[in-house]
1. Please verify whether residue 256 is under 30 Å from residue 456 (Cα atoms), touching an Asp or Glu at 6+ places or on another chain (Cβ under 8 Å), modelled with pLDDT of 95 or more and assigned to a helix (DSSP H, G or I), treating the condition exactly as stated.
2. Which members of region 449-502 meet the condition of being out of contact with any helix residue (DSSP H, G or I) (no Cβ under 8 Å at 6 or more places or on another chain), under 23 Å from residue 285 (Cα atoms) and surrounded by fewer than 23 Cβ atoms within 10 Å (Cβ to Cβ)?
3. Kindly provide the set of residues from region 515-568 that are of a type in the set (A, V, I, L, M) and assigned to a helix (DSSP H, G or I), ordered by number.
4. In region 153-168, what count of residues is obtained for those that are farther than 14 Å from residue 105 by Cβ and of a type in the set (A, V, I, L, M, F, W, C)?
5. Please state which of the following conditions residue 298 fails to meet, knowing it meets all the rest: (1) closer than 22 Å to residue 251 by Cα; (2) touching a Lys or Arg at 6+ places or on another chain (Cβ under 9 Å); (3) buried (at least 16 other Cβ atoms within 10 Å of the Cβ).
6. Quick one: which of 33, 25 is assigned to a helix (DSSP H, G or I), modelled with pLDDT of 95 or more and surrounded by 15 or more Cβ atoms within 10 Å (Cβ to Cβ)?
7. I need the full set of residues from region 184-227 which are outside any loop (DSSP other than H, G, I, E, B) and either of a type in the set (S, T, N, Q) or free of Cβ contacts under 8 Å to residues at least 60 places away in the same chain (or both), in order please.
8. Output the residue which, of all residues in region 236-264 that are crowded, with 24+ Cβ neighbours inside 10 Å and small (Gly, Ala, Ser), is nearest to residue 215 (Cα to Cα).
Amino acid sequence: MSTKASQPSWKALVIDKRIRQQASIPADWLSVIEPHIPSPDTLDVSGIPDQCTELLSEREREITNTLDVQVLLAKLASGEWSSVEVTTAFYKRAIIAHKLTNCLTEIFVERALARAAEVDAYLKEKGEPMGPLHGLPVSLKDQLCIKGLETTMGYVSWIGKYADKDAALVEVLYKCGAVPFVRTNIPQTLMWPETFNNVFGRTVNPYNRLLTSGGSSGGEGALIALRGSPIGVGSDVGGSIRIPSAFCGLYSLRPSYHRIPYEGAVNSMLGQDSVPSVFGPLANSLSGVKLFTQAVVASEPWRLDPLCVRKKWDQDAYELKEHGGGNGMCFAVLWDDGWVKPHPPVIRALETVKKALEAQGQKVIDWVPLKHKEVVDNVGAIWAAGAAEDYRVTTQPTGEPVLATMSEDDNTVVESTFRPSHSDTVSAYQLWQLHLKKRELRKEYLDYWEATVEKTGTGRPVDAIIAPVAPYAAPPHGKNLSSAYTTVWNGLDYTALVIPVSRVDENVDVKLPPHQFLSKDDEDNYNMYDSATFNNAPIAVQLVGRTLEEEGVIGMAEIVNAALKTTA
């Protein structure tokens, strides 16, 4: 019978887990990668994977540099590229990405290649692809359980917990013909817009390793930015898909509650159903976002997840039948949330999108925020009701400390709302009042949006909102202290899609003179900005539509994306 005294310390568990992770990487791959890994003072490592020519053949570089997922799928479906060779190519590149940014958790090469061979055999035997994602390697955030694999989610206490079945979304991906091949890093508890935990450590931004890759899907962001995966699955309860997507220059979708199946995945704060976490795709192409969403909803996931909305892909909505067919639309730009003004590069991204849309004949007006701080505070209070206890119960078995900061300096603890205290706990009745307040705020915002029919000139309310993803581009580690620009849409349950626009240019995005500060947070945000610090960080916007409007948001995002490319 074991006793507490005989149990290994949590640090011993971490050492063993990291040794096992390293052993899961083919040794002959590592030997040719290591000479290409630069010293820490090399900040931009985005070009290094293509320099690893000893590991990645010319054909493998062609495969992994094919950004358009639609093109990849066409070559896989025709048999021009086999799933085994595509999966091998992305696997090699994923390991390079991992050595550069520390983005992976579970690595299961032999298992994934066996699956790829199975898909190839199906195509050869049947003469048709296995499904809409036939042969496509897909990376998964470290929440999505795969039978027989550990799912630690960044908790030491979960080391050694092996899944006895696949999560519903993994089942769907298999049905669609996909090849899950790696899982990716997250922050401890998930409830932080950066990526660091005691098990696997910190994930950094491939465009500037002094900056965060975002969170909580930060491993996905770094991996896909380095083209180590053609498409990945992240989760988003307050911005955890969109923030790493924006910070790493990717496309991504935050769908509405229960559109994509969540059943069988692990999570923090399980049972907190008022503001549910949602799964969604991240990719280097907008086609990847569309094809993933279309494939998953077409698979009837409500047959696996009792909470999943019974709603098939709506082609009319995608073709924007409710939005004038995509012509003569009216977009609205949210320049700030009334609380914190964004940094110059974020404003430049918004201005770039506005000019591109106007050049295509679309109308653009300003969006005046309505009670954004109230919505964000309400969501935060709902989370805080039980979060501290949830974290304590989860970490208690091993005595692992709950992280209080994402700073690289352990002695620098900056106050953050991401770590509520036990004093934030409320009674069941008080929690009900928070839920009621959220419902009232959603109704108020709905009415506010509907009333814009008086301003658009289209006979419809505003078609979509163009908004910042954060008040800054990817900040230094430990400095991403707010998710207000994303959390507001989680509270309202609006579908949101991230579109990359540009990168910070320290010579263009110079610091502006002080403005009339909206709040102490606004002043702190202003003082944080220095163009050299943020140089080369991607900048992006999010296109926000209505609840359960995934198809329409994807359709409108295509219009915005095409306008940006036309005017580039």
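The values are calculated or read from the model by the stated rules, or taken from the named source; none is laboratory data. What you see is a predicted model; the values in this text were computed from it and never measured. Methodologically, a virtual Cβ is constructed for each residue, glycine included, from the backbone with ideal geometry; neighbour enumeration extends over all protein chains shown.
1. Working: under 30 Å from residue 456 (Cα atoms): yes; touching an Asp or Glu at 6+ places or on another chain (Cβ under 8 Å): yes; modelled with pLDDT of 95 or more: yes; assigned to a helix (DSSP H, G or I): no.
No: the conditions fail for residue 256.
2. 465
3. As a first pass, look at region 515-568 and keep what is of a type in the set (A, V, I, L, M): 518, 528, 532, 537, 539-541, 543-544, 548, 553-554, 556-557, 559-560, 562-564, 568.
Result: 528, 553, 554, 556, 557, 559, 560, 562, 563, 564.
4. Number satisfying all stated conditions: 2.
5. Just one mismatch for residue 298, condition (3).
6. Working: 25 fails: assigned to a helix (DSSP H, G or I).
Going through 33, 25 in turn, just one is assigned to a helix (DSSP H, G or I), modelled with pLDDT of 95 or more and surrounded by 15 or more Cβ atoms within 10 Å (Cβ to Cβ): 33.
7. Keep residues of region 184-227 that are outside any loop (DSSP other than H, G, I, E, B), which gives 184, 196-197, 201-202, 204-205, 208-212, 218-225.
Selection gives 184, 197, 205, 208, 212.
8. Only one residue fits best here, namely 240.
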